[in-house]
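Before any comments, here is the structure.
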Amino acid sequence: MIKEHDLVVLTQDLPEEGLRSGDVGTVVHIHEGGRGYEMEFMTLSGKTVAVATAMASQVRPVSSRDPRSRARTTGRGTSVAAAARAGHRGHS
């Protein structure tokens, strides 16, 4: 079960948000008991790249088996996936 503040991996592109499958975000809100999620995607320096909503079928929990090498560059020079895996959640 995915909870608020959990890291999740997109399983589908969200082109309207500039996000691709494999990007990692932090759940900031759960819709309708887990039918959908609001997620924040950040750079390593803590800058928010996107806040996006996705259906449960479009995300999966981060696994301990996810390789660090799958991080992708957001086009802003920083990796969204690496920021999330590094544990930076943007919350104090």
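The values are calculated or read from the model by the stated rules, or taken from the named source; none is laboratory data. Being a predicted model, the structure only gives us computed values, none of them experimental. Every residue, glycine as well, gets a Cβ built from its backbone with ideal geometry; the counts of neighbours run over all protein chains shown.
Details
- Of all residues in segment 48-71 being aliphatic (A, V, I, L, M), surrounded by 14 or more Cβ atoms within 10 Å (Cβ to Cβ) and at pLDDT 95 or above, the one that is farthest from the chain's Cα centre (by Cα): A56
- Leading residue by the ranking (farthest from K3 (Cα to Cα)) among those in segment 51-65 that are touching a Ser or Thr at 6+ places or on another chain (Cβ under 7 Å) and not aliphatic (A, V, I, L, M): Q58
- Scanning segment 1-21 for residues that are part of a loop (DSSP other than H, G, I, E, B) and among the hydrophobic types (A, V, I, L, M, F, W, C) yields M1, I2.
- Within segment 18-47, if we keep just the residues that are without any contact (Cβ under 8 Å) to a residue 40 or more places away in the chain and under 12 Å from the mean Cα position of the chain (by Cα), the residue that is surrounded by the fewest Cβ atoms within 10 Å (Cβ to Cβ) turns out to be S21.
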